[in-house]
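To start, the structure under review is shown below, and the notes come after it.
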Amino acid sequence: MAKSIVIVGTQWGDEGKGKIVDMLTDRAAAVVRFQGGHNAGHTLWIDGEKTVLHLIPSGILRDGVDCIIGNGVVVHIPSLLEEFDALTAKGVPVAARLRISAACPLILPTHIALDQARERASGQQAIGTTGRGIGPAYEDKVARRSLRVSDLFDPARFAARLAAAMEFHNFMLQEYYGVETVDFEQTRDAWFEMTGRILPLVIDVPDYLHDLRAKGSNILFEGAQGTLLDVDQGTYPFVTSSNTTAGAAATGTGIGPGAIDYVLGIVKAYTTRVGAGPFPTELFDDMGEHLARVGMEFGATTGRPRRCGWFDAVALRRAIVNSSVSGLCVTKLDVLDGLESIKICVGYRLDDEVTAAPPFLVSRYEDCEPVYEEMPGWQTSTVGITELDRLPDEAQAYLRRLEEILETPVVIVSTGADRDQNIVIRHPFD
Ligand code: GDP
Ligand code: IMO
Ligand code: MG
C-alpha cells in the first residue's frame, strides 16, 4: 500500500533528516518541503561526494523523484536559483524535478536586513538566528502583507506590493534600527529578471499531491529544523518562526492530516543545538568537545560550532507526542564509538523535584538539571554497519533502552554519513 511519510527532527535540528530523506527516496515518487526556508542545511553524502541543500528538497539527487516546495516554506528566490544553478552545474536535472507552490511567501532582502539588524540590536538577548530573514518573512505572512510566488505572475501587482512592503521595512530599518535601507528599484529590477525562471516551476501542490496519492505513489514530507525549535512547542523565544512538528506537513502543503500515514522522527544518538537558548544536557567539558569533534558538529548553513550534550529522553518523549511519531531513526550512533560510558537524561530536577516531563513554564527550562542513567559504552567501530546483530552488544543495549524509555520503536539506525550506512530494522514504507 502506498504511504505518505512525514520526516521530522525531534531535537534542535541537524539530526540528519536530509540523509535519511535521500536514503528513503529509492521508494518514493516525491519529496515535499513544508516549512522553514534556507535557514535549513541538509547534508547528503553519496559515494564520497557531499551536497548541502537549503531550500531544495533532499530528493533532488534521485532519478524519477519530484521535489516540491510547499506553501509553508518561505522562499528567497535568489538563494533558490543559486542552489538550482549549483546543482545543475553538477549535472542534476533540477528544472525537470523541482516544483513550487504559488502560495509560498517570499523572503525579501529587507527581511534579511531586518533579521540581522534585530539580532545585532538584541545583544545578549539575541536568538542566534541564521540571519536569513526567516522571522520577518513569517511575520509578514501572518500580517497578511507578504508577497507570494503567485504575485510574480503579474508584474504591475508585484511592483506595487513590493513598493509597499519595502517602504514599511525600510522605515523600520532606518528609523527604528538606524541601519542602511535597501534600494527598491534595484530590488524590483533584479527580481523581475529572475521571474522568468520561477514561473515554469509553479504548480497546484494540493492537487498534485492528491493525484499522486490516488495513483498509489509513496510520498515523503521533509521537515526542517526540529521539534524544540517549533514556534509553539519549542523553547520559546529561542525557536524558529515556523511549526516544525508533523502537523505542519498538512498545513504547509495543503493536504489534510488524514493523508499522513506514518511519522518518522529523526534523532541523534546524543544532542546538539546551534544558536542560543536552554539546553539541559549540554556538556561544557572534554566530553562535549569530543562529541563535537567526532561528530563534526558545525552548522551546515552558517558554519557555527554546534553545542553538544547527552541524549535527552525527557525532551524526546514530548517530541514524540508533539508529532505522533510512529517510529524513530537514530543517527550518528558511530559518534559514540569508544566511549567508556554513555548517559541518557531520564528526568529533570527542578525545585528539588524530579519530573519526567518538560517544565510547565518554558522560562523554567534554564533551571532544569538533568538526571542521568548511565550505560556502558562499546570499544569497537560501528561505522558503516548495516545489520543490527553486528553491532556491539552494548550498542544494541543502548538502542533497546532508548526504545523502552521512549515507548517507540527504533526502525532505522544510521552508522555513517553516507547514503548506504544504515541498519534498516523495519522499513517505514513497508
Ligand atoms: P539535517 O539538517 O537534519 O539534515 O542534518 P545536517 O545535515 O545539518 O547535519 C547532520 C550531519 O551529520 C551531516 O554532516 C551529515 O553528513 C552527518 N551524518 C548524518 N548521519 C550520520 C551518521 O550516522 N554518522 C555520522 N558520523 N554522520 C552522520
Ligand atoms: P536544519 O533543517 C539547526 C536555529 C538557529 C536559531 C533559531 C532561529 O538544518 O535542521 P532562524 O534563522 O530560523 O530564525 O533561527 O533556529 N535554526 C536551526 N538550527 N538546524 C536548522 O535547520 C536550523 N534552522 C534554524 O540557529 O537558534
Ligand atoms: Mg541541518
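Number of residues in the stretch 264-302 that are within 16 Å of ligand 1 (Cβ to nearest atom), β-branched (Val, Ile, Thr) and open to solvent by less than 10 Å² (accessible area, probe 1.4 Å): the value is 4.
Taking Glu297, is it farther than 21 Å from Ala224 by Cβ and of a type in the set (Asp, Glu)? Criteria not met by Glu297. Out of the residues in the stretch 23-41 meeting the condition of being within 11 Å of ligand 2 (Cβ to nearest atom) and not charged (D, E, K, R), tell me which one is surrounded by the fewest Cβ atoms within 10 Å (Cβ to Cβ). Within the stretch 23-41, the match that is surrounded by the fewest Cβ atoms within 10 Å (Cβ to Cβ) is Gly41. Within the stretch 16-30, the set of residues being more than 16 Å from ligand 3 (Cβ to nearest atom) and either outside any helix (DSSP H, G or I) or of a type in the set (Ser, Thr, Tyr) (or both) comprises Thr25, Ala28, Ala29, Ala30. The set of residues from the stretch 385-411 being farther than 20 Å from Arg317 by Cα and open to solvent by less than 30 Å² (accessible area, probe 1.4 Å) comprises Ile385, Leu391, Pro392, Ala395.
Let's see how each residue does on (1) of a type in the set (A, V, I, L, M); (2) open to solvent by 20 Å² or more (accessible area, probe 1.4 Å):
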| site | (1), (2) |
| --- | --- |
| Gln174 | no, yes |
| Asp183 | no, yes |
| Thr187 | no, no |
| Gly254 | no, yes |
| Ala259 | yes, no |
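Starting from the stretch 76-92, take each residue that is within 22 Å of Asp140 (Cα to Cα) and list its partners that are basic (Lys, Arg), counting only C-beta distances under 9 angstrom and pairs at least six apart or across chains. Here the result reads His76/Arg132; Ile77/Arg197; Ser79/Arg132, each pair linking the stretch 76-92 to a residue that is basic (Lys, Arg). Do any strands (runs of 3 or more DSSP E) entirely within the stretch 42-96 hold 3 or more residues that are away from ligand 2 (no atom under 15 Å from the Cβ) and buried (at least 19 other Cβ atoms within 10 Å of the Cβ), and if so, which? Fully inside the stretch 42-96 and qualifying: 66-69. For Val362, are the conditions met, namely being open to solvent by 10 Å² or more (accessible area, probe 1.4 Å), assigned by TED's automatic domain parsing to the domain that holds Arg390 and within 16 Å of ligand 1 (Cβ to nearest atom)? It is false that Val362 is open to solvent by 10 Å² or more (accessible area, probe 1.4 Å), assigned by TED's automatic domain parsing to the domain that holds Arg390 and within 16 Å of ligand 1 (Cβ to nearest atom). Of the residues screened, Phe221 is not one that is in contact with a Pro (Cβ under 8 Å, 6 or more places away or on another chain), within 14 Å of ligand 2 (Cβ to nearest atom) and either open to solvent by less than 30 Å² (accessible area, probe 1.4 Å) or over 26 Å from Thr25 (Cβ atoms) (or both). Whether a residue is within 14 Å of the chain's Cα centre (by Cα), within 16 Å of ligand 2 (Cβ to nearest atom) and over 25 Å from Val202 (Cβ atoms) was assessed, and Ile20 passes this test.
Inspection of the stretch 234-244 finds a residue satisfying the criterion of being outside the structural domain of Pro409 (by TED's automatic domain parsing) and within 25 Å of Pro428 (Cα to Cα). Residues that are within 6 Å of ligand 1 (Cβ to nearest atom) and open to solvent by 10 Å² or more (accessible area, probe 1.4 Å) within the stretch 2-22 comprise Asp14, Gly16, Lys19, listed in sequence order.
In the stretch 276-291, the residues that are not assigned by TED's automatic domain parsing to the domain that holds Pro359 and aromatic (Phe, Trp, Tyr) form no Cβ pair under 7 Å with any partner that is away from ligand 3 (no atom under 16 Å from the Cβ) and not in a helix (DSSP H, G or I), whether six or more places apart or across chains.
The values are calculated or read from the model by the stated rules, or taken from the named source; none is laboratory data. What you see is a predicted model, and the numbers here were worked out from it, not measured in a lab. Ideal geometry is used to build each Cβ from the backbone, glycine not excepted, and the neighbour counts take in all protein chains shown. Surface areas here come from the heavy atoms of the whole protein model, side chains and all, with no ligands, DNA or RNA. Shrake-Rupley method; radii C 1.70, N 1.55, O 1.52, S 1.80 Å.
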